[in-house]
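Note sheet for the following structure.
Derivation of every value follows stated rules applied to the coordinates shown; laboratory data play no part. This one's a predicted model, so the numbers in the text were calculated from it and none came from an experiment. Ideal geometry is used to build each Cβ from the backbone, glycine not excepted, and the neighbour counts take in all protein chains shown.
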Amino acid sequence: MGSSLPYGAQHLALTPNGLGFNGSNLHGRNLPKIKLVGRNCNLRSKKLAVPRCSVSIPRPASQPRFIQHKKEAFWFYRFISIAYDSVLNPGHYTEAMRDDALEAADLNSRDAIVVDVGGGTGFTTSGIVKHVDAKNVTILDQSPHQLAKVKEKEHLKECKIIEGDAEDLPFETDYADRYVSAGSIEYWPDPQRGIKEAYRVLKKGGKACIIGPVYPTFWLSRFFADIWMLFPKEEEYIEWFQKAGFEDVQIKRIGPKWYRGVRRFGLIIGCSVTAVKPTSGDSPLQLGPKVEDIEKPVNPFQILIRFLVGTTASIYYLLVPVYMWLKNQIVPKGRPI
Ligand SMILES: C[S@@+](CC[C@H](N)C(=O)[O-])C[C@H]1O[C@@H](n2cnc3c(N)ncnc32)[C@H](O)[C@@H]1O
């Protein structure tokens, strides 16, 4: 049922024919040319933003899912932070996956200035400080509850910790050598704006590394993904980076080992996208005002409904890694699952 990929990380890069693999056993085999889905997906009510999409039509990235809002994500992590490191993260994002994903960020100097945006409890930061001095690393997140967990970690005590918004970073232009963001883009209402900010804060020649989900192809996973949060397609990541002005955009596919390369259910952490800033200064991309301002008062009832529906949909994705783990135990090694 469905498609699966061989185990291990795979690199993709833009080729004249579209998106192709680099340095993997699928080298040279190109995926179809990048094509963004532009189909409309009507809203039942503007206030509650209830999606009326058919389960088979992907919801455009421009129409945020229920928890793909700053206030809703704030409340989501108010509760998730309690069990984030111990229960919730390990099913989707292991230390091996993190190290694999960070390899693409090319953290080659202990003196590099690194910003970890949406750094949460510092799980990815713990991988960064293996290569870079902690005093050079800044962890930014909009959730004080997540950041409170960072403060409990001895090996991160020298990192700078800032509460802030990924779409409006409090760093000056040309500040950092590396921009890392893991598992956060899916909550940004305007991912293009976040990537434009990544471009701005990097120095010339600096590298951005966004580690994030990938969109499912299995219908039920698509249904719950489109309710919960943004699962971008690989083509979308590439388009956002290119529009922001980045060059040398590369995608490395990652996933939990026990999935045996299966990607059809979607992965909360499924790829590491890297790109280089070619010149100093701000991004050439012009955008209008921010779609969502965390400071602006909003209808609490609207937030509550979106929070409850989105959180309920996320439960499906708690079950997927367990299902895959069981399958991995049952199906003989070497066979696709
Ligand atoms: C899945 S956690 C990832 C945490 C961490 N990077 C890791 O690797 O485990 C997502 C984090 O993104 C943060 N976040 C969501 N939207 C954000 C925004 N607009 N600005 C900054 N942080 C945001 C959340 O508060 C949460 O801590």
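What FRET efficiency do you get for Asp293 and Ala96 if R0 is 30 Å and r is their Cβ-Cβ distance, rounded to the nearest 0.05?
On the way: r = 38 Å, r/R0 = 1.27.
Step by step, r from the Cβ atoms, then E = 0.20.
Taking each residue as 0.36 nm, the span from Leu308 to Phe79 lengthens on full extension beyond its C-alpha to C-alpha distance by 81.2 nm.
Mind sorting Lys277, Lys296, Lys153, Lys71 by how few other Cβ atoms lie within 10 Å of their own Cβ, fewest first? Let's see the in-between values first.
Working: Lys277 26, Lys296 9, Lys153 16, Lys71 19.
The fewest-first ordering by Cβ neighbours comes to Lys296, Lys153, Lys71, Lys277.
Modelled label positions at Lys160 and Asp133, each set 7 Å beyond Cα in the direction of Cβ, lie 1.4 nm from each other. Among residues other than Met229 with Cβ under 10 Å from its Cβ, the summed charge is -2 (Lys and Arg +1, Asp and Glu -1). Once both labels are positioned 7 Å from their Cα atoms along Cα-to-Cβ, the gap between Leu285 and Leu318 label points is 3.4 nm.
Tell me the relative contact order for region 203-263 as a rounded percent, counting alpha carbon contacts under 8 Å between residues six or more apart. Relative contact order for region 203-263 comes out at 25 percent. Between the listed residues Leu230, Ile294, Val276, the Cα displaced farthest toward the positive end of the dipole of region 219-337, a dipole computed from Cβ unit charges relative to the Cα centre, is found at Leu230.
For Lys204, give me every one of the aspartates and glutamates with a C-alpha distance below 12 angstrom, ignoring sequence neighbours fewer than eight places off in its own chain. Leaving aside aspartates and glutamates fewer than 8 places away in the same chain, those within reach of Lys204 are Asp174, Asp177, Glu247, Asp282.
What is the sum of charges, Lys and Arg at +1 and Asp and Glu at -1, for the other residues whose Cβ falls under 9 Å from the Cβ of Thr217? Spell out each step's value before the answer.
Numbers: positive: Arg222, Arg263, Arg264; negative: none.
Here the charged neighbours net out to +3.
Region 136-186 and region 98-113 have Cα centres spaced 16 Å apart. Would you list, by chain and number, the lysines whose Cα falls below 23 Å from the Cα of Lys296, excluding same-chain residues fewer than 8 positions away? Straight-line reach from Lys296, under 23 Å: Lys46, Lys47, Lys70, Lys71, Lys196. Once divided by 2.2 N^0.38 Å, the Cα radius of gyration of region 279-337 becomes 2.09. Each principal axis of region 212-304 carries a Cα extent, and these read 44, 42, 18 Å when sorted largest first. As a proxy for reagent exposure, Ile128, Ile113 were ordered by neighbouring Cβ count within 10 angstrom, fewest first; the result is Ile113, Ile128. Straight-line cross-link partners of Lys327 among the lysines, defined as a Cα under 16 Å from its Cα and at least 8 positions apart when in the same chain: Lys257. Dipole magnitude for region 174-327: computed about the Cα centre from +1 point charges on Lys and Arg Cβ and -1 point charges on Asp and Glu Cβ, it is near 580 debye.
Remark on Cys209: its backbone amide H falls under 5 Å from those of Tyr179, Val180, Ser181, a criterion applied only to residues 5 or more positions apart or on other chains, H modelled at 1.01 Å from N. Contact order for region 89-153, expressed relative to its length and based on alpha carbon pairs under 8 Å spaced 6+ residues apart, stands at 35 percent.
Based on the Cβ-Cβ distance of Asn108 and Gln329, what FRET efficiency does E = 1/(1 + (r/R0)^6) give at R0 = 41 Å, to the nearest 0.05? Once the sixth-power term is evaluated, E becomes 0.60.
Take Trp325, Trp188, Trp219, Trp240 and order them by how many other Cβ atoms sit within 10 Å, fewest up front. Provide the component values of the computation, followed by the final result.
On the way: Trp325 14, Trp188 28, Trp219 11, Trp240 25.
If I rank by nearby Cβ atoms, fewest first, I get Trp219, Trp325, Trp240, Trp188.
Among residues other than Glu163 with Cβ under 13 Å from its Cβ, the summed charge is -1 (Lys and Arg +1, Asp and Glu -1).
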